[in-house]
1. Given the condition farther than 15 Å from Arg176 by Cα, surrounded by fewer than 21 Cβ atoms within 10 Å (Cβ to Cβ), of a type outside the set (A, V, I, L, M, F, W, C) and in contact (Cβ under 8 Å) with a residue 60 or more places away in the chain, answer yes or no: does some residue in region 109-119 qualify?
2. Mind listing just one residue for me: the one in region 123-168 that is under 29 Å from Asn102 (Cα atoms), β-branched (Val, Ile, Thr) and assigned to a helix (DSSP H, G or I) and, of those, modelled with the highest pLDDT?
3. Regarding region 122-133, can at least one residue be identified that is of a type in the set (D, E, K, R), farther than 15 Å from Val67 by Cβ, surrounded by 14 or more Cβ atoms within 10 Å (Cβ to Cβ) and under 17 Å from the mean Cα position of the chain (by Cα)?
4. Would you confirm, using the coordinates I've provided, whether Thr105 is modelled with pLDDT of 95 or more, of a type outside the set (Phe, Trp, Tyr) and crowded, with 22+ Cβ neighbours inside 10 Å?
5. Please tell me if Arg79 is in contact (Cβ under 8 Å) with a residue 24 or more places away in the chain and of a type in the set (D, E, K, R).
6. Residue check: is Ala172 modelled with pLDDT of 90 or more, farther than 26 Å from Trp55 by Cβ, more than 14 Å from the chain's Cα centre (by Cα) and assigned to a helix (DSSP H, G or I)?
Amino acid sequence: MGGAETVFALLAVMWAVELVNSVDHDDLSNDYGIVPRQLDGLRGVVLSPFLHVSWAHLIGNSVPFAVLGLMIAFAGSRRVIAVTVIVALVAGIGTWLSSPSNSDTVGASGVVFGYAAYLVTRGFFNRRIAELAVGVIVAALFGGALLVSLVPHAGISWEDHVFGALGGVLAARSLRLRDRVQPARALT
């Protein structure tokens, strides 16, 4: 499966889950989000990016998820999956550790922030002009929204956003391109 198909498959799961969730009176979002520092809240680390509290919430995450995900998809399905897994785990665990008690975090915005941070920083790690240019474009298009979303607002998990962005930087660092040319060996 190609990178674009992977992005669209992840989106299809989000939309299917929201359809079930809306029919089920948001029981999925209420039961499977990230609940901080509770053992059963850890399942939300994996499940929360697929859960949303409304259609508007899902649409608000779907558009940047698709745009940024498709930019990552040029590197193939494995890259999309690797970035998504790293970002989701860092965002989810960071949110689980740091969110206020009695909160429940759902939504793909941590992954969206991670995708954006990955695209902004990967050019620095790969030392590629084209990737640096993409990073500048992403920063220009999404930078304001990213910065505004880091400011705490009632009902919005800034923790998921911050740790998602941190996960994106970690993904860019850990998935950086290695030099493909092997150093010449000296014969003695």
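The values are calculated or read from the model by the stated rules, or taken from the named source; none is laboratory data. Nothing here was measured: the structure is a model prediction, and the numbers come from that model. Cβ sites come from the backbone with ideal geometry, for glycine too, and all protein chains shown count toward neighbours.
1. Checked against the condition, which is being farther than 15 Å from Arg176 by Cα, surrounded by fewer than 21 Cβ atoms within 10 Å (Cβ to Cβ), of a type outside the set (A, V, I, L, M, F, W, C) and in contact (Cβ under 8 Å) with a residue 60 or more places away in the chain, region 109-119 yields no hits at all.
2. Within region 123-168, the first condition is being under 29 Å from Asn102 (Cα atoms), and the residues that meet it are 145-168.
Retained after the next criterion (residues that are β-branched (Val, Ile, Thr)): 148, 151, 156, 162.
Remaining after also requiring assigned to a helix (DSSP H, G or I): 148, 162.
On the way: Val148: 74, Val162: 93.
Ranking the qualifying residues of region 123-168, first place goes to Val162.
3. Checked region 122-133: at least one residue is of a type in the set (D, E, K, R), farther than 15 Å from Val67 by Cβ, surrounded by 14 or more Cβ atoms within 10 Å (Cβ to Cβ) and under 17 Å from the mean Cα position of the chain (by Cα).
4. On the way: modelled with pLDDT of 95 or more: yes; of a type outside the set (Phe, Trp, Tyr): yes; crowded, with 22+ Cβ neighbours inside 10 Å: yes.
Spelling it out, Thr105 is indeed modelled with pLDDT of 95 or more, of a type outside the set (Phe, Trp, Tyr) and crowded, with 22+ Cβ neighbours inside 10 Å.
5. Numbers: in contact (Cβ under 8 Å) with a residue 24 or more places away in the chain: yes; of a type in the set (D, E, K, R): yes.
So Arg79 fits the description; yes.
6. Working: modelled with pLDDT of 90 or more: yes; farther than 26 Å from Trp55 by Cβ: yes; more than 14 Å from the chain's Cα centre (by Cα): no; assigned to a helix (DSSP H, G or I): yes.
Taking the combined requirement at face value, the residue does not satisfy it.
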